[in-house]
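Working notes, structure below.
The values are calculated or read from the model by the stated rules, or taken from the named source; none is laboratory data. Quick caveat: nothing in here was measured; it's all calculated off a predicted structure. Ideal geometry is used to build each Cβ from the backbone, glycine not excepted, and the neighbour counts take in all protein chains shown.
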Amino acid sequence: MNFSMTEAIEILERTPQSLAYFLSDLSPGWLQCNEGEGTWNADEVIDHLIEGEKSNWIPRLEMILRDGESKPFPPFDRYAHINNEPETPIKQKLAEFKSLRTENINKLKTLMDDDGALLEKKGTHPAFGPVKARELISTWVVHDMTHTAQIVRVMAERYRTDVGPWVEYLGILKK
């Protein structure tokens, strides 16, 4: 088992600033490109990350610590962000994500004890059944990495035909 709260927080703290640096001031073509119908662009991924900060990670952790396995988490609507206002500038969305994440990391540090005993507390996921606090926090970290990789992959896809024969050497474009 590799989980470390310190290491988890290192990633959780860096995601907003990494995405802000990567996405701020980019042309709309980069922010709005996607991989086809039913896929998300970078702008929509940020909306999804914001939604998760509001209604997924910390609310579920609080439920685990408060209720244990006595009642399942409410389902998380992974598509709730699709109806958000598209006119909100990316810089504003990134600032909101950073603010929410900072608040949630502070809550995480307050909620979890130093000896790690609370990490093994269980809650009930509506689809998976019993899950540990440690697993939820680990998933939060990997979720950040998944969507960071998704953003980069979607943006690379925009230049798929433009790279010509070099597509053979570009692993990000191999499907």
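Some observations on this one:
- Pair list, Cβ under 6 Å, 6 or more apart: segment 128-144 residue at pLDDT below 95, other residue of a type in the set (A, V, I, L, M, F, W, C) and part of a helix (DSSP H, G or I): none
- Segment 10-101 holds no helices (runs of 4 or more DSSP H) entirely within its bounds that carry 1 or more residues that are in contact with a Cys (Cβ under 7 Å, 6 or more places away or on another chain) and surrounded by 14 or more Cβ atoms within 10 Å (Cβ to Cβ).
- Positions within segment 1-41 being under 12 Å from the mean Cα position of the chain (by Cα) and among the hydrophobic types (A, V, I, L, M, F, W, C), in sequence order: ILE11, LEU12, LEU19
- Residue that is farthest from HIS48 (Cα to Cα) [pool: residues in segment 124-175 that are assigned to a helix (DSSP H, G or I) and of a type in the set (Lys, Arg)]: ARG134
- Tabulated pairs, segment 32-48, first hydrophobic (A, V, I, L, M, F, W, C), second surrounded by 15 or more Cβ atoms within 10 Å (Cβ to Cβ) and part of a loop (DSSP other than H, G, I, E, B), C-beta under 9 angstrom, 6+ apart or interchain: CYS33/ASN41; CYS33/ARG158; TRP40/ASN34; ALA42/CYS33; ALA42/ASN34
- For the condition in contact (Cβ under 8 Å) with a residue 40 or more places away in the chain, surrounded by 13 or more Cβ atoms within 10 Å (Cβ to Cβ) and at positive phi, GLY116 qualifies.
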